[in-house]
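Have a look at the structure below before the remarks.
The values are calculated or read from the model by the stated rules, or taken from the named source; none is laboratory data. Just so we're clear, the structure is a prediction, and the values are computed from it rather than from any experiment. Heads up, the Cβs are rebuilt from the backbone with ideal geometry, glycines too, and the neighbour counts pull from every protein chain shown. Remember, those area values only see protein heavy atoms, side chains included, never the ligands or the DNA or RNA. Shrake-Rupley method; radii C 1.70, N 1.55, O 1.52, S 1.80 Å.
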Amino acid sequence: MRRKLRQPGIPGEPRRRPALKTVSAQSHRSWSRPQHLPAERSPDTRCATLGHAAHQRVRGDQMPGASPRGTYLLIADALRKEIGKGRFAETGLPSEAALMREHGVARTTVRRALEILEQEGLIHSAPGVGRVVSDGSERRPLTQRMTDMIAERGFAVGDAFPSEARLCEEFAVSRTALRSALSALEGRGLLEAVHGKGRFVRALPASTHDS
């Protein structure tokens with residue numbers, strides 16, 4: 001049999017457990033977070049940082065002196081004035097990248113400005129060239145040109161309207177500008193979109209109907 005060894009002590013006194021080392025709340029926080037990690041920021045600091053980042057993103061997509069009208073409208077106005085002066089008659093409009101650098105905006109903003117001019121009939125896309133200024137016969141709004149097409153080609157109520165791809169090629173405009181014009185004709189009740197089948201003539205223009 002093995003004998004249990006007793007720890008040395010004073011006879012007659014109970015043994016005491018060694019005292020545990022207490023850790024303060026301050027030292028616990030410093031120990032639980034490694035030194036290489038950044039300190040936590042308060043909710044107010046985080047909100048201020050996010051707001052500053054959002055403000056920087058907005059400023060990156062605006063040209064100097066932008067008004068509540070929208071930056072793309074200001075760019076469209078500037079290009080419209082240059083077209084009126086005959087600046088792009090022979091050279092065509094600058095590329096999207098050049099307009100982005102000139103006005104300090106994103107590509108989406110430039111395209112929205114160009115789509116407005118396409119809808120107004122001031123410019124159109126030429127394959128292999130880019131966007132060029134339209135001649136006098138093409139300077140009609142795209143909605144007016146498509147309305148005249150219904151009357152000139154003898155469409156009847158219920159006839160199928162040409163596809164978007166064919167209309168983009170015929171009118172030399174982007175698909176976005178074309179869809180905007182088609183939506184305008186649908187709003188006027190001239191066209192009707194049928195899911196999976198295309199668009200059909202719903203009514204004839206007033207001048208054709210009267211004749």
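What the table shows:
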{"item": "Additional length obtainable on full extension of the chain from residue 106 to residue 188, 0.36 nm per residue less Cα span", "result": "26.2 nm"}
{"item": "Difference of contour (0.36 nm per residue) and Cα-Cα distance, residue 175 to residue 129", "result": "14.8 nm"}
{"item": "Per-residue HN-Hα couplings for the range 129-135 [Karplus 6.51, -1.76, 1.60; θ = phi - 60°; Hz; x = Gly/Pro]", "result": "10, x, 8, 10, 6, 6, 6"}
{"item": "Per-residue ³J(HN,Hα) for the range 180-189, Karplus 6.51 cos²θ - 1.76 cosθ + 1.60, θ = phi - 60°, Hz, x for Gly and Pro", "result": "5, 5, 5, 5, 5, 5, 5, x, 7, x"}
{"item": "With every protein chain in place, the range 89-156: carbon and sulfur % of accessible area (1.4 Å)", "result": "49 percent"}
{"item": "Residues residue 149 and residue 77, FRET efficiency given R0 of 30 Å [Cβ-Cβ distance, rounded to 0.05]", "result": "0.55"}
{"item": "Extended-chain gain in nm, criterion 0.36 nm per residue less alpha-carbon gap, residue 197 and residue 96", "result": "32.9 nm"}
{"item": "Derived scalar couplings ³J(HN,Hα) [the range 83-93; Karplus, 6.51 cos²θ - 1.76 cosθ + 1.60; whole Hz; x for Gly, Pro]", "result": "5, x, 7, x, 5, 9, 5, 9, 8, x, 6"}
